[in-house]
Amino acid sequence: MMKKTDQKIKNLDSIFKPKSIAVFGASNIPNKLGNVLMKNLTGNKFPGKIYPINPKYRTVAGLKCYSSVLEINEKVDCAIIATPAQTVIRILKECAQKKIPGAIVLSGGFGESGGADLERELKRTADENDIVVIGPNCLGIINPYSRVDSIFLPMYKLERPKVGAISFITQSGAVGTCVIDMVAKYGIGISKFISYGNATVINESDLLEYLLHDKETEQIVFYIEGTKDGKRLLENMKRVNMEKPIIVLKAGKYGGALKAAKSHTGNLAGNYLAYKAAFRQAKVIEAESLEELFDFVKIFNQTLPNGKRMMIITNGGGLGVLTADAIEENGLELAEITKESSVKLKEIIPEYTSVGNPLDMTADASVDDYKKSIEIVLNDPNVDGIFIDVLFQTPNMNEGIIDILNSASEDRRKPIVVTAVGGTFTEGYRKILESSGVPTYGAPLAAVKAMKKMVDYSLKSKCKKCIVRKNKKNG
Amino acid sequence: MGMIENFKLLEKYGFTLLPYELAKNADEAVAIAKKLKYPIVLKIVSPEITHKTDVGGVKVNIKNEETLRLAYKDVLEGARGKKIDGVLVQKMARKGVELIIGGKKDEQFGYMVMLGLGGIYVEVFRDITARICPISEADVDEMVGELKSHPILTGARGKKPISIPALKTLLFKVCMFQSEEDIKELDLNPVVFNDEGCDIIDVRFSI
């Protein structure tokens, strides 16, 4: 017999890949949650059946509206519930009658605001009837593959990300909103977005487990405020991170736990120390801020480095020196390239300069010089990763550089990062590079920190599947 | 629980404490000191005194009988009016690096073990690192590396590095002790480490 948790994880498919969705609280009143939701689902071209449910209407968004889910003759896979908290239990019971295996409860008014009893009842109802529930008090999910979108924020205010390989799990809806918006802006593609709210039935550990088995997910970004089951979270993070890198951001680091502790070390501990310990034991990648989170997200589409030896290629001497400093300050090393590479590189750079690391090709460097030098360094066995610092401001730089950086990023022999410091003109280039998946940074330190995280992950996590993936892309 | 009971419980879990015996009077203390060999430490044992040093209840580095007898008097003087079980005579710790080792039962993650450098390092710089129990040898290696003050442990300024095997053994024991006895909080503070091993100087825990 299947274990209860395994069944739960399997049932999540009904939420992420439903063939039909019932929307409770669907509305014709503009800007009402149930109205935006319907617009987004239909506007996003969800290919399955949508059943609006609201006794007040005969049609919503041009679709036949039902007064009860029990009036629907066909099978329903997923319920999205956007009605007041007091009605949710009754609706869940109807879903049980209709044998709907999964539900997203967007409604607030549970444990987070004095409705703890109601939340317990929700859990009991869901568990007794084997319904998996995401939420309550959440934004729900986006799956760009199946075109499910339960986010009740208007599309014109909140851009939706394109299809990709990164999945986001977030406890906070607000942070989730910012994350989706930023991800879309950066041109990062997503596999799943999940705002899980109060984690009443399905919690963060269940979701990690689901994403481990999700073929469309290669990397996981995880925003957490707190968990109720640390032991399982630690175990699941460990297991999942070995196959798919997890980047985590913990909020609420300096909360009330300090007060409770009595002893000396206990006083200093606080609860964050336990989370930090767990993150380190699971070898997940911890970001200290939202900014860092995105810096780290961007780089993990690169091949994992085999070591710490970094090479810098630049047409801006000082930029290269700043990167070199940051490399040494952050526990990476400057690579010593082979004699062979050195001889080849000497032919590219002006006669009056010498080959070093950073490789300063000077402001005279052309787009073609970048192409040649990158190729030489990609072949060098003494180099584990490449920093390409481009001064876009020089006369010789033109849009030809985009293709070269793109192919370097997709080459997969070694990870690369691009640093582009500058104003509006440079920013324009940076955006183009970012949206085509080249990890590009506005400052040397940010680029180095991101690379360091990837080196640490690569050396510590022993990510076996990652290597398999790397080889696949090589071939 | 009293100090002696705490010591006994720790010994049951294989913690090696510095040799000690309880003396009921000065003559007994002298005899014990002879047996343990100087230098020794005296500690007042009283259920009514938590902060022994605050009442002058601890005398360290006692090297001979004469000083011992004087120190014994002083220790009793400081505890005047309090219920006294006796005076603990304990072998003086070796010199070395003072570490703080802690344990805690976290509401979400369960038992955890903490490591920091004694004195200002933990208190001022908050230089402390932790792991969730159970831990592996690699976890301890990483913990040492994570401390900002780790060069002091691994041998700064020509000093010998501390015994990492001894640290590992001790941290493993802390995890085991906590989970077996359901310890809420535990402090081994300080534990003196040198290249040969470690001496636990003071212990406090709550069940």
For B:GLY155, what residues show an amide H to amide H distance below 5 Å, using hydrogens built from the backbone and excluding near sequence neighbours?
B:ILE162
Determine the shape class of the protein assembly as shown: with a ≥ b ≥ c the square roots of the Cα gyration tensor eigenvalues, call it rounded for a/c under 1.5, and otherwise prolate if a/b is greater than b/c, oblate otherwise.
oblate
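Would you tally the net charge around A:SER195, using a Cβ to Cβ cut-off of less than 15 Å, leaving A:SER195 out, and scoring K and R as +1, D and E as -1?
On the way: positive: A:ARG160, A:LYS192; negative: A:GLU112, A:ASP149, A:ASP181, A:GLU204, A:ASP206, A:GLU225.
Computed value for this residue: -4.
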Averaged over its residues, how many other protein chain Cβ atoms are within 10 Å of peptide B:140-150's Cβ atoms?
1
What list of ³J(HN,Hα) couplings, whole Hz, do you get for segment A:15-22 from phi and the Karplus terms 6.51, -1.76, 1.60, once you set θ to phi - 60° and write x for glycine and proline?
8, 7, 10, x, 9, 8, 10, 9
Please compute the average number of Cβ atoms from other chains found within 10 Å of each residue's Cβ in peptide B:124-134.
4
Positive-end residue of A:PRO30, A:SER407, A:VAL76, charge dipole of chain A with Cβ unit charges:
A:VAL76
Name the residues whose placed amide hydrogens come within less than 5 Å of the amide hydrogen of B:PHE205, ignoring near sequence neighbours (fewer than 5 apart) on the same chain.
B:ASP187
Shape verdict for segment A:341-426, please, from the Cα gyration tensor: rounded (a/c under 1.5), prolate (a/b greater than b/c) or oblate.
oblate
Counting only C-alpha contacts under 8 Å and six or more residues apart, can you give the relative contact order of segment A:318-368 as a whole percent?
34 percent
Per residue of segment B:49-55, what does 6.51 cos²θ - 1.76 cosθ + 1.60 with θ = phi - 60° give for ³J(HN,Hα)? Whole Hz please, x for Gly and Pro, Karplus curve as stated.
10, 8, 9, 4, 5, 4, 9
Among DSSP bridges having both ends in the protein assembly as shown, what percentage is antiparallel? Round to the nearest 5.
45 percent
Taking only Cα atoms, what is the 0 to 90° angle, nearest 10, from helix A:272-282's long axis to the longest principal axis of chain A?
70 degrees
What helix-only [θ] at 222 nm does the protein assembly as shown give? Using -39500 (n - 2.57) per DSSP H run of at least 4, over all residues, to the nearest 500, the answer is -12000 deg cm²/dmol
Selected from B:GLY158, B:GLY56, B:GLY86 as most flexible by GNM, with chain B as the system and alpha-carbon contacts under 10 Å
B:GLY158
How much net charge surrounds A:ASN398 when only the other residues with a Cβ under 13 Å from the Cβ of A:ASN398 are counted, with Lys and Arg +1 and Asp and Glu -1?
-3
Note on segment B:78-207: alpha-carbon gyration tensor, axes a ≥ b ≥ c; rule is a/c under 1.5 for rounded, else prolate if a/b larger than b/c, else oblate; result oblate
Here segment A:291-303 yields Karplus 3J(HN,Hα) values (6.51, -1.76, 1.60; θ = phi - 60°; whole Hz; Gly and Pro given as x) of 4, 4, 3, 6, 4, 6, 4, 4, 7, 6, 8, 8, 4
Using modelled amide H (1.01 Å from N, peptide plane; none on Pro or chain starts), what sits under 5 Å from the amide H of A:TYR66, excluding residues fewer than 5 places away?
A:ILE53, A:ASN54
Give me the percent relative contact order of segment B:1-87, please, defined on Cα pairs under 8 angstrom at least 6 residues apart.
34 percent
With the contact rule set at Cα under 8 Å and sequence spacing of 6 or more, what percent relative contact order holds for segment B:63-131?
19 percent
From fewest to most C-beta neighbours within 10 Å, the residues A:THR170, B:THR169 line up as B:THR169, A:THR170
Rounded to the nearest 10 degrees, the helix A:464-474 long axis (Cα) sits at an angle to the longest Cα principal axis of chain A of 60 degrees
Counting other beta carbons within 10 Å of each Cβ, put A:VAL36, B:VAL87 in order, fewest first.
A:VAL36, B:VAL87
Neighbour-count ranking for A:SER461, A:SER167, B:SER206, B:SER163 (other C-beta within 10 angstrom, fewest to most) reads B:SER206, B:SER163, A:SER461, A:SER167
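Bear in mind that the values in this text are calculations on the coordinates, not laboratory data. Note that the structure is a prediction, hence the values are computed from the model and not measured. Glycine also receives a Cβ, built like all others from the backbone with ideal geometry; neighbour counts cover every protein chain displayed.
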